[in-house]
Each structure stands twice: as structure tokens, then as C-alpha cells.
1. Provide a whole-number value for the mean count of partner chain Cβ atoms within 10 Å of the Cβ atoms in peptide A:91-100.
2. Roughly how far apart, in whole Å, are the Cα centres of segment A:66-125 and segment B:72-128?
3. Write down the radius of gyration of segment B:3-118 and its Dmax, each obtained from C-alpha positions, in Å.
4. Per residue of chain B, what 222 nm ellipticity follows from adding -39500 (n - 2.57) for every DSSP H run with n ≥ 4, rounded to the nearest 500?
5. Mind putting a number on the dipole of segment B:3-118 about its Cα centre? Charges go on the C-beta only, +1 for Lys and Arg and -1 for Asp and Glu, and I need it in Debye to the nearest 20.
6. Enter the angle in degrees (range 0 to 90, nearest 10) between the Cα long axis of helix B:138-152 and the first principal axis of the Cα atoms of chain B, meaning the one along which they spread out most.
7. Find the eigenvalues of the gyration tensor of the Cα atoms of segment B:50-131, then list the square roots of 5 times those eigenvalues as equivalent ellipsoid semi-axes, largest first, in whole angstrom.
8. Under the definition of Cα pairs under 8 Å and six or more residues apart, what whole-number percent is the relative contact order of chain B?
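The values are calculated or read from the model by the stated rules, or taken from the named source; none is laboratory data. Computed from a predicted structure; not experimentally measured. When we count neighbours, we look across all protein chains shown, and the Cβ atoms used for this are built from the backbone with ideal geometry, even at glycine. For accessibility, only protein heavy atoms count, side chains too; no ligands or nucleic acids. Shrake-Rupley method; radii C 1.70, N 1.55, O 1.52, S 1.80 Å.
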Amino acid sequence: MADYFQEMGWSPLAEGEAPNHLLHLVRLFIDYNMFEELGETQRLPPPASIEAVNNLPEVSINEEGKQCPVCLKDYEKGSSAVKMPCDHLFHPECIKRWLTKTNSCPLCRHELPTDDENYEAYRKEKIRAKQRVNDIENLHNCMFS
Amino acid sequence: MANIAAQRIKREFKEVIKSEEVAKCAIKLELVNDSFTELKGEIAGPPDTPYEGGNFVLEIKVPETYPFNPPKVRFVTKIWHPNISSVTGAICLDILKDQWAAAMTLRTVLLSLQALLSAAEPDDPQDAVVAKQYKENLEMFESTARHWTNIYAGGPDLNKDFNDKIRKLVEMGVEEHQARVALSSYNWDLERATEQLFS
């Protein structure tokens with residue numbers, strides 16, 4: 001039999017570890033749709049973490065006629081561009097300014113990590129909730145199809 | 001105005017002028033001043049909607065921090081729609097608020113607004129009265145929206161019954177637009193609209 005913690009995707013508290021009350025609060029908020037009511041989802045997600053931004057690779061542009069989606073200017077041949085994990089390219093100064101406002105790619109909304117603990121907890125819990133729904137559906141299909 | 005904003009609007013302006021939507025007369029963009037801070041947009045009402053045949057004028061204000069912040073857009077042409085204020089023309093659309101992204105352009109904004117006219121979201125209303133009518137009496141909403149398109153946006157469908165009711169109120173001394181708002185809000189019930197106007 002699968003272990004209870006494993007089934008829920010949780011891990012038991014280590015010896016002497018206190019429960020994470022912040023996480024519990026976030027869970028409660030999600031279960032009762034309180035983030036929506038508080039207008040949390042109405043707000044732009046927080047800026048990308050400084051570390052993640054500094055670690056973005058730079059590539060040099062060799063073709064002509066490509067343009068940066070933020071300022072719409074053509075790249076000069078041989079100039080460098082920042083490459084997001086989703087493979088989208090931008091002028092370094094354009095994407096860095098955008099990422100100090102919010103954490104996602106201006107083209108496809110691929111999210112970078114943030115330095116905001118609350119937002120990270122919220123995001124993690126949202127992914128987990130979705131995973132749980134999938135798991136339950138899978139289980140249901142295994143049993144009844 | 002910051003250099004990057006003005007330069008980008010210039011580029012976008014060229015892009016819109018060349019776009020196929022302009023060729024099809026679906027959208028239009030004009031400069032209001034030389035500094036590229038204010039523009040006038042125009043969208044055609046989409047086919048198979050109560051807005052078909054109408055032309056809707058938009059006021060577009062470009063902030064200094066564009067494209068890192070969205071442009072401020074509102075309807076100048078009066079319109080009956082759950083997500084657009086029938087009083088101020090203010091628009092409730094996520095990409096003009098928290099869902100804005102720096103790679104969006106005036107062209108994509110105009111096309112999104114056109115899409116909003118085809119697919120209203122009554123659960124996220126800007127105008128509560130219109131949204132309520134949309135949910136409770138869709139047919140009534142559609143004829144009201146069609147009537148507003150006829151009067152304010154040059155739409156083709158003339159509604160004689162509605163016009164007669166408005167004339168009756170105008171004859172009693174009510175201003176025409178005020179009469180139209182009252183009747184539209186009370187599902188064209190002349191008695192209730194009169195009661196509300198004179199109470």
C-alpha cells in the first residue's frame with residue numbers, strides 16, 4: 001500500500017520541525033477561492049528573482065532583420081541578446097526592465113522564479129492542486145474504465 | 001515623453017497602416033498629436049453580433065512608460081456591452097490591466113477589443129446593469145445593443161418601437177440620451193422608465 005504522505009505528495013515533518021503555517025494559510029485561501037476575492041490574481045505577478053535574471057544566457061545575433069519584441073527595433077548584427085528559458089530573445093536592457101516589473105516572458109508568459117515567498121508558495125500550491133486533480137482522474141479511470 | 005515609447009509607437013503605427021486588417025477596414029489608427037502620446041483608434045463591429053455595421057471610435061493614451069505599462073483605452077462611441085461602461089466608455093479587459101505584456105502592440109489591443117465585442121464576459125462586468133440584462137434576457141440585450149449601434153455607431157438596424165418610446169419621453173421634456181439609458185436599463189418598459197426618470 002502506498003504510504004499516505006506519498007499519495008498526497010507531501011513529506012512528513014522532520015524531528016523538531018514546526019508546521020509551515022504560511023503554507024497552510026495559502027492552502028486555505030486557495031480552497032476557498034480567497035485569492036480571487038482578495039484580488040491577488042488581478043495583480044501582476046512579482047518581479048523575477050535577481051539571481052534568475054543575472055543567470056540568463058546571452059547569445060550573439062548573427063542574422064539580420066530580426067527584431068526585439070519589446071522595442072521593435074532590429075538587432076544590430078553581432079550585438080548580443082538575452083535568451084529566456086523559453087528560447088525567446090530580447091535586448092538585454094529591454095527584457096531586464098520588464099523583468100523588474102513582473103516575472104514572465106513578454107511573448108509567451110513563461111514564468112521565471114521570483115524572490116517573493118508568498119507568491120512562490122501560492123504558485124507551488126496551485127501546481128500541486130492541479131496535479132492532485134489529475135491524479136484523482138487517473139485513479140478514477142484506472143478503476144472504472 | 002520617454003524616447004522608447006515614442007519610437008515604439010512610430011514603428012507600431014507603420015505596422016498597423018500596412019496590416020491586412022486595415023486593408024479590410026476592420027481597424028483604423030490615427031495620430032491625434034505629433035508627440036505620439038495620444039491616438040484615435042477605430043474598430044468595425046464584428047459580423048453576426050449586435051455591433052455589426054457600426055464603427056466604434058476609441059481614445060488611446062500612451063503612458064511614458066509604454067510598452068512596460070499598457071496604453072489607456074476607452075470607447076468614445078457610446079456602446080451597450082457588459083464589459084464597457086455605458087456612461088464613461090471605460091473598458092474591463094484583462095490585457096489592459098494585469099495581463100498586459102510588453103510584446104503586445106496597439107494592433108493586438110484593437111483586435112482584442114474587437115474580439116471582446118464578439119464574446120462578452122458578463123461574469124466580469126464593467127457595467128452591472130448591462131451585464132444583468134445580458135444574463136437574464138439575452139434577446140432584449142441584443143436588440144438594445146443593436147439599437148445603440150444604430151444610433152451612435154452608424155449601424156443599419158433601425159428599431160421603430162424603441163425610437164417611438166424615446167420620442168414619448170423626449171416630448172415629456174427628458175433629454176434624448178437620458179431617455180435611452182432609462183429605457184435600456186428597464187428592458188424598454190416605458191412605465192418603469194418614466195417612473196425612474198420623474199421620481
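1. Going residue by residue through A:91-100 and averaging, the value is 2.
2. Their Cα centres are 26 Å away from one another.
3. Spelled out, the Cα radius of gyration and Dmax of segment B:3-118 are 13.5, 42 Å.
4. My calculation for chain B gives -13500 deg cm²/dmol from helical runs alone.
5. Here the size comes out at about 200 debye.
6. 70 degrees
7. 21, 13, 12
8. Rounded, it is 17 percent for chain B.
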